[in-house]
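Everything on this sheet refers to the single structure shown next.
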């Protein structure tokens, strides 16, 4: 089937469906704002009072990073590069096991609100502040991409002003985050993940019907080289191979699920450790479901446009607009369904942006403000809401940066790889290297962060050549476009092409560009982690790390039941006794005010 020459616009029913999703999300925030009027503490606002159960948290975990970047970017990636992206299913499984059995037990046992509190417990407050600042940079950049992606899609399918769409997205998220806190975020995530799946399923069902069955889609994909699941080429310069996805993807997503505040804040909000672990394993099912829908949508996309690619034929100005184009093509006779898909993309964005805003507010209040003030809990609660509003506005402003970063899926994962890798290395030093001291942690993090940024920014300036990324062939032989139908699909070409204009000519590429800068973006996370750990170990050994005395409760140990499946079988009643409440005295070298309930003297543990 060639691309239609009669792509429609949003109908009134599409606007109704889309508006309903935004309104329901805002209403949830209002509800929890009123429901929590008598609980005006920062802990209640930022962690939901640690009263959540596994299912809503699992849905929220899935929704948090399965954003519009996934909904729009993954099908486009499969369309251009093939279904090898599905190998991420293996990475997801490894990541969930690692996080549930290693990182979660330590963080839950220490009863922390911000993951960066751990860095002060294990090292000192300077390491905590440094880690917090790097996290803030990471999440602001990522959230900007997440806001930009669906705004661009809505601009294409409805004619909405691009900046108006971005501002509307950010304001809705900021509204219900600032009012309802973590509970509002989790329950809106649960609602939005249902919308995301429904949007995907609508596209898949209609796509299968249009193409005459799933067998046609599989055959077209096979003959078009899209069923390239297995590529065991060990070359680290190749964008996607089995090894880059499984090894690099595992490091990348462990940095997200293991130490990223947006995710950790969710599962430590569960009322027991068993519920927290269960939320991660249930989340794995959700990740697989979204991944399967996205990959199948990409194959449908190729099957429909195998003879007439809308991108190279100038019907769309960027690959990330292909999915909205497909939706309006095959679903234009079903009022409300295109609106459902755009609501699907926006639901992913709302969940991710709200998660980011809530996490940014949490680390700012807990790590940068609370330790240095004597504010009451009521003032801290209001301050948390104010910081949510501030970060919402800042993320809207940063969304402009996303227009210069090419493919949204690679840009988003590249940011997590560049910044998440060194942070994963820092937490690994704390958990697994007892002799690592604060100096080793700081130097290791700074060197790892610098190396990752060098490689990552170089890759943005000098993108890898097709020999490394290996895009598959696209055809326009079946196109029959007429000149009168050059509709709104090219309305943002100028903005999208700015990044292309800024890219240097091939003749100007330095030698590093074809080696160092062409390293697979998935390996950036491994690079940052390894450099941070190695440098941290060397500096610690040189600076007397073996002579320091540390509290073993801040190290991953037997009490955390590594890979002991009997831990998951403990009852909730037994589980509740495993949470420690700390009072850290200045004479012991700490003054972290994060744990003020049921004082627990550290001398009892020595």
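The values are calculated or read from the model by the stated rules, or taken from the named source; none is laboratory data. Values in this document were obtained by computation on a predicted structure and should not be read as measured data. Don't worry about glycine lacking a Cβ; one is built from the backbone with ideal geometry, like all the others, and counts go over all protein chains shown.
When the residues of region 205-232 are filtered to those that are more than 28 Å from the chain's Cα centre (by Cα), farther than 11 Å from residue 303 by Cβ and surrounded by fewer than 15 Cβ atoms within 10 Å (Cβ to Cβ), the one that is modelled with the highest pLDDT is 209. Residue-level check: of (1) more than 30 Å from residue 222 (Cα to Cα); (2) in contact with a helix residue (DSSP H, G or I) (Cβ under 8 Å, 6 or more places away or on another chain); (3) part of a helix (DSSP H, G or I), residue 87 misses just (1).
Number of residues in region 254-275 that are modelled with pLDDT under 90, under 26 Å from residue 533 (Cβ atoms) and in a helix (DSSP H, G or I): the value is 9. Here residue 474 passes the criteria (1) closer than 25 Å to residue 137 by Cα; (2) modelled with pLDDT of 80 or more except the one numbered (1).
For region 354-366, the set of residues classified as modelled with pLDDT of 75 or more and crowded, with 24+ Cβ neighbours inside 10 Å consists of 356, 357, 359, 360, 361, 362, 363, 365, 366, listed by residue number. Can you find a residue that is modelled with pLDDT under 75 and more than 21 Å from the chain's Cα centre (by Cα) anywhere in region 124-136? Checked region 124-136: no residue is modelled with pLDDT under 75 and more than 21 Å from the chain's Cα centre (by Cα). Scan region 122-138 and give yes if some residue there is within 26 Å of residue 274 (Cα to Cα) and in contact with a helix residue (DSSP H, G or I) (Cβ under 6 Å, 6 or more places away or on another chain), otherwise no. Yes, because at least one residue in region 122-138 is within 26 Å of residue 274 (Cα to Cα) and in contact with a helix residue (DSSP H, G or I) (Cβ under 6 Å, 6 or more places away or on another chain).
Can you confirm whether region 318-326 contains a residue that is surrounded by fewer than 20 Cβ atoms within 10 Å (Cβ to Cβ), under 26 Å from the mean Cα position of the chain (by Cα) and modelled with pLDDT of 80 or more? No; the residues of region 318-326 include none that is surrounded by fewer than 20 Cβ atoms within 10 Å (Cβ to Cβ), under 26 Å from the mean Cα position of the chain (by Cα) and modelled with pLDDT of 80 or more. Of the residues making up region 183-200, one or more are more than 29 Å from residue 337 (Cβ to Cβ), touching a strand residue (DSSP E or B) at 6+ places or on another chain (Cβ under 8 Å), surrounded by 16 or more Cβ atoms within 10 Å (Cβ to Cβ) and modelled with pLDDT under 80.
Taking region 448-467, which residues are over 24 Å from the mean Cα position of the chain (by Cα) and either surrounded by 18 or more Cβ atoms within 10 Å (Cβ to Cβ) or modelled with pLDDT of 80 or more (or both)? If the condition is that a residue be over 24 Å from the mean Cα position of the chain (by Cα) and either surrounded by 18 or more Cβ atoms within 10 Å (Cβ to Cβ) or modelled with pLDDT of 80 or more (or both), then 462 is the only one that fits.
Is there a residue being at pLDDT below 85, within 15 Å of residue 262 (Cα to Cα) and in a helix (DSSP H, G or I) anywhere in region 152-172? It would help to see each step written out before you state the result.
Taking region 152-172 as the starting set, the residues that turn out to be at pLDDT below 85 are 152-172.
Checking the rest, the ones that are also within 15 Å of residue 262 (Cα to Cα) come to none.
No, the conditions are met nowhere in region 152-172.
Of the residues examined, residue 225 is not one that is assigned to a helix (DSSP H, G or I), touching a residue at least 24 places away in the same chain (Cβ under 8 Å) and within 30 Å of residue 305 (Cβ to Cβ). Against the test of being modelled with pLDDT of 80 or more, in contact with a helix residue (DSSP H, G or I) (Cβ under 7 Å, 6 or more places away or on another chain) and within 30 Å of residue 317 (Cβ to Cβ), the options 387, 398, 405, 418 yield a single qualifying residue, 418.
May I ask you to verify whether residue 486 is modelled with pLDDT under 80, surrounded by fewer than 19 Cβ atoms within 10 Å (Cβ to Cβ) and closer than 25 Å to residue 240 by Cβ? No.
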